[in-house]
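Have a look at the structure below before the remarks.
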Amino acid sequence: MKKYLSLFLAVMMMLSVVPALALDADLSFGTQETGTAGYTYATAIQTVIQKVDGIHVTLLTNSAGNVSSPWLIQDEEADLTMSNSAPALWAANGGIESASVPDCPDVRCIAGGLGHDFINVMFTQKFVDETGISTVEELVEKKYPVKLVIKKNGTLGELAAEQVFGVLGVTFDDIISWGGVVEKTGGAQIKDGLQDDLYDMTVDHVGAGQANTTELCINHAMYDVQLSDETLEKLTQQGFDYVTVDPNTWNGQTEAIKTVGSQQCVLVHADMDEEVAYAITKAMCENTDILKDASAALGYFDPAVAGSKALTGCELHPGAARYYEEMGYAFK
């Protein structure tokens, strides 16, 4: 008996001195320019990932937007990037050429459901006061020569604007044919142009607390547009889902806005080391307080459902799936 006890103790001592698996990963995180929701989210995620010993993350502002960002992973121009569940799904299943969504069969998801992103439609208050037009449906019916400013090609903001007018049977070329303007530019330029009344309206896909929109609404009188139920229903058929924008999300917005959106997710390459992917997932899910402090929209991130297909869009990375399974969270 003493012999077996001694052997057991010896084995236990050997196990106790086996070092934990050491991680050594220098990762790049492709994101959009400063001032965007994507950059805010990426900064917060960078902070929690770097709490893991052996992992360092560098932010690269090399993403044209969440629609095309899966290509950064597919082409190995970044180790992580932000996308949205709908573009991630489209990219992993062959892409959509007309919407600038690339074919990215090697993208995998770490976590979804980041933020409370939604299609955001705004007129300047000056435009509403001068024209009496307060809805997109009325604008389309009257074929009013509106001056529209939106994000660049390859962004979900640009695609959202295209979809809003598209379900109403209108293209950007149609707006131009009415004598209107369709300008595609960066977030800061959109803010400045609306503040200076160079444009009448914008359509974007953003999260609560997005810096440029927040600043715009503080410094300039804007009008929050409610899309009709019929328009919203048509948008859900394009891969979006219903979202409610809470009152006071933007300065001057006192009523809830019913809209639709596609939530953000973190993508990596299928070849990422499984232990690194596991560590990243664990760090994100176990530091939700830090994420929420960085952005109110990240307070919606729920680890219990972050691995569900509705929020990830594409397939989970095996390292992420292992973490969710261990925790008893949804991951299919």
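The values are calculated or read from the model by the stated rules, or taken from the named source; none is laboratory data. Computed from a predicted model, the values in this text were never measured in an experiment. When we count neighbours, we look across all protein chains shown, and the Cβ atoms used for this are built from the backbone with ideal geometry, even at glycine. Heads up: the accessible areas ignore ligands, DNA and RNA and are worked out on the full protein's heavy atoms, side chains in. Shrake-Rupley method; radii C 1.70, N 1.55, O 1.52, S 1.80 Å.
Taking a straight Cα-Cα cut-off under 20 Å and skipping sequence neighbours fewer than 8 places away in the same chain, the aspartates and glutamates within cross-link reach of K184 are E33, E97, E158, E162, D173, D174, D192, D196, D197, D200, D204, E215.
Shape summary of the chain, radius of gyration then Dmax from alpha carbon positions: 22.6, 94 Å.
Gain on full extension, evaluated as 0.36 nm per residue between T34 and A188 minus their Cα-Cα distance, stands at 54.5 nm. Phi-derived couplings, Karplus 6.51 cos²θ - 1.76 cosθ + 1.60 at θ = phi - 60°, listed residue by residue for segment 172-179: 4, 4, 4, 4, 5, 5, 6, x Hz, with x used for Gly and Pro. Could you check how much of the accessible area of segment 228-314 is carbon and sulfur, as a whole percent, using a 1.4 Å probe? Whole-percent figure for carbon plus sulfur exposure: 44.
Ordering of 169-182, 218-231, 292-305, 82-95 by packing is 82-95, 292-305, 218-231, 169-182, highest average first (other Cβ atoms within 10 Å, averaged per residue).
Counting Lys and Arg as +1 and Asp and Glu as -1 over every other residue whose Cβ lies under 11 Å from the Cβ of T131, the net charge comes to -2.
Each residue, Q237 and D196, gets one label point 7 Å from its Cα in the Cβ direction; the gap between the two is 4.1 nm.
Extension gain for T288 to L23 (0.36 nm times residue separation, less C-alpha to C-alpha distance): 93.2 nm. The listed peptides 23-29, 129-135, ordered by packing as a protection proxy, come out as 23-29, 129-135 (highest mean of other Cβ atoms within 10 Å first). About its Cα centre, the chain has a charge dipole of approximately 940 debye under the convention of +1 per Lys or Arg Cβ and -1 per Asp or Glu Cβ, with nothing else charged.
Which of rounded, prolate, oblate describes segment 139-245, given a ≥ b ≥ c as roots of the alpha-carbon gyration tensor eigenvalues and a/c under 1.5 marking rounded, otherwise prolate only if a/b is larger than b/c? Oblate is the answer for segment 139-245, as a/c is 1.5 or above yet b/c matches or exceeds a/b. Averaging the sequence gap over all C-alpha pairs within less than 8 Å and six or more residues apart, then dividing by the number of residues, gives the chain a relative contact order of 24 percent. Applying 1/(1 + (r/R0)^6) with r as the Cβ-Cβ distance of D271 and K51 and R0 = 22 angstrom yields a FRET efficiency of 0.35.
If you line up the long axis of helix 318-327 against the longest principal axis of the chain, both from Cα atoms, how many degrees apart are they, to the nearest 10? Between the helix axis and the principal axis of the chain, the angle is about 80 degrees. Distance between the C-alpha centres of segment 35-78 and segment 101-147: 24 Å, rounded to the whole angstrom. In this structure the chain gives 45 Å² per residue of accessible area when probed at 1.4 Å with all protein chains present. Partner lysines whose Cα lies under 21 Å from the Cα of K292, excluding those fewer than 8 positions away in the same chain, are identified as K51, K282.
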